[in-house]
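Structure record follows, encoded as structure tokens.
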Amino acid sequence: MVVRLAGLIFLALITAAHATPLLVDNAHIAALRADTKVATSLLKKCDAESTLPIHAVADFAPQPHYTDAGANPDDDEAKGLTGDIRRAYRAALCYRLIGYTAYAQQTQAIADAWATTMKSASNAQGRADINFNIAQLIVAASWVDGVAGWNAAPFKSWLKTAIAPLSLSAEPNNRGNWGNLQDVASAAFTDDKPKLQAAAQRWSDLLASEIAADGTLPLEVCRSNSANHCDGADKGVNGLAYTHFALLPATLAGFLLEQAGQESFKGTSGAAFAKAIAATANFVRNPQQFPFFASNHGVLNKVDYCAYFAPAAQRFPDKNARDVLAAGTCKSDYWLLMQLFGAD
């Protein structure tokens with residue numbers, strides 16, 4: 001594997017020179033490529049996943065995640081979508097690393113399968129899960145667009161006809177952030193400038209409405225672990241988790257907008273975003289200061305879902321964010337942000 005990594009670097013550099021990838025540029029990929037240990041591990045994973053089946057369905061309708069009694073584990077349908085998209089993302093990243101066409105074709109096959117099979121998401125959980133995941137597939141598709149003659153037109157058409165109507169960007173909380181990320185990624189990939197402008201405005205409006213003067217996200221910090229979203233005996237136990245779940249898509253959308261020429265991280269929007277990153281990083285480093293820490297007996301879920309601090313801290317340096325990244329506190333990183341943007 002190491003020999004192949006070294007031997008195909010030149011090919012990768014040639015390929016990358018002709019690509020216009022979303023989210024990361026050639027410098028991000030070069031930095032990851034230089035970390036031979038991490039790159040080799042990722043390539044091994046891509047090889048291991050190369051023959052896995054694709055789980056596209058005509059109507060994506062997984063069971064509800066939350067009930068009055070608590071959270072359900074993801075069912076096979078939900079796992080199928082998430083697994084396919086994360087595998088497509090890793091394969092596209094492996095392609096960007098070494099230019100090996102078979103990796104690009106894995107991503108293309110997953111994108112094509114979902115685009116030709118899925119016609120609807122007929123329940124609320126299906127619509128939500130599409131919003132939570134589809135931007136990652138769009139980014140992956142942008143990394144392999146045109147490789148080996150792949151025609152992305154059917155996939156792009158599917159984004160406009162089947163996916164766009166599912167957007168939750170009009171909602172006020174983290175679901176709005178994920179819907180907005182979906183809209184931004186789709187508009188950037190399909191070069192839909194009016195849609196991109198509208199999504200940029202919605203990104204700013206969401207930050208203005210969601211982030212309080214102290215940097216907290218009131219619609220998220222109260223979150224419980226049941227369908228009684230902001231109340232009950234465990235009110236706030238998921239509050240930091242859902243704060244992360246709102247700021248992750250906001251961070252990614254901000255970078256995509258910036259890449260597309262929007263001044264997303266400037267002005268009042270940037271100031272609000274910076275406050276949110278600072279407040280959240282402080283809570284991760286000092287969880288006892290979180291509003292619902294004591295009432296949940298010192299237990300908070302998914303405190304470590306903070307990998308987005310890596311790109312966020314590049315725009316708004318924050319000591320707490322950099323400290324928790326350096327300490328290895330941030331664990332969940334299915335976008336590989338700490339590897340692409342650095343965790344120093």
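Laboratory data are not the source of any read-out in this text; all were calculated from the coordinates shown. Owing to the predicted nature of the structure, the values given are computational and were not obtained by experimental measurement. Heads up, the Cβs are rebuilt from the backbone with ideal geometry, glycines too, and the neighbour counts pull from every protein chain shown.
Over the chain, dividing the summed -39,500 (n - 2.57) contributions of all DSSP H runs of at least 4 residues by the number of residues returns a 222 nm mean residue ellipticity of -18500 deg cm²/dmol.
Along the chain, the exposed loop sites are trypsin sites (Lys or Arg not before Pro) outside DSSP states H, G, I, E and B with at most 15 other Cβ atoms within 10 Å, and the longest stretch free of them is 120-265. Using equal-weight Cα scatterers in the Debye expression, the normalised intensity of the stretch 262-341 in log10 at q = 0.18 Å⁻¹ is -0.76. Counting charges near ASN296 (Lys, Arg +1; Asp, Glu -1) among other residues having Cβ under 11 Å from its Cβ returns a value of 0. Sequence-ordered 3J(HN,Hα) estimates for the stretch 312-319 from the Karplus curve with 6.51, -1.76 and 1.60 and θ = phi - 60° stand at 4, 5, 6, 8, 9, x, 9, 4 Hz, glycine and proline given as x. In this Cβ point-charge picture (+1 for Lys and Arg, -1 for Asp and Glu), the chain has a dipole of about 640 debye about its Cα centre. Residue by residue, the stretch 146-159 carries 3J(HN,Hα) couplings of x, 5, 6, x, 4, 9, 7, 4, x, 5, 5, 5, 4, 4 Hz when phi is fed to the Karplus relation 6.51 cos²θ - 1.76 cosθ + 1.60 (θ = phi - 60°); x denotes Gly or Pro. A viscosity of 0.692 mPa s and a temperature of 37 °C, combined with the Kirkwood radius over C-alpha pairs in the Stokes-Einstein formula, give the chain a diffusion coefficient of 160 µm²/s.
How large is Rg over Rh for the stretch 167-344, taking Rg from the Cα atoms and Rh as the Kirkwood inverse mean of 1/r across Cα pairs? Walk me through the numbers on the way to the answer.
Values: Rg = 15.6 Å, Rh = 16.2 Å.
For the stretch 167-344, the value is 0.96.
Please compute, over every Cα-Cα pair in the stretch 119-225, the percentage with a separation greater than 25 angstrom.
26
Near PRO249, once Lys and Arg are set to +1 and Asp and Glu to -1 for all other residues with Cβ below 11 Å from its Cβ, the sum equals 0.
What does the convex hull of the alpha-carbon atoms of the stretch 71-133 project to on average, in nm²?
Numbers: hull surface 19.6 nm².
Mean orientational projected area (the stretch 71-133, Cα hull): 4.9 nm².
When both the stretch 152-172 and the stretch 260-306 are represented by their alpha-carbon centers, they are found 29 Å apart.
In this structure, the amide hydrogen of ASP35, modeled 1.01 Å from its nitrogen in the peptide plane, lies closer than 5 angstrom to no residue at least 5 positions away or on a different chain.
Near the amide H of GLY70, within less than 5 Å, lie the amide hydrogens of ALA227, all on another chain or at least 5 residues away, with H placed in the peptide plane. Distances between placed amide hydrogens fall under 5 Å for LEU168 paired with GLY179, all partners being 5 or more residues away or on another chain.
For the stretch 113-126, 3J(HN,Hα) computed residue by residue from phi via the Karplus equation (6.51, -1.76, 1.60; θ = phi - 60°) reads 4, 5, 5, 8, 9, 6, 10, 7, 10, 8, 10, 5, 5, x Hz, glycine and proline entered as x.
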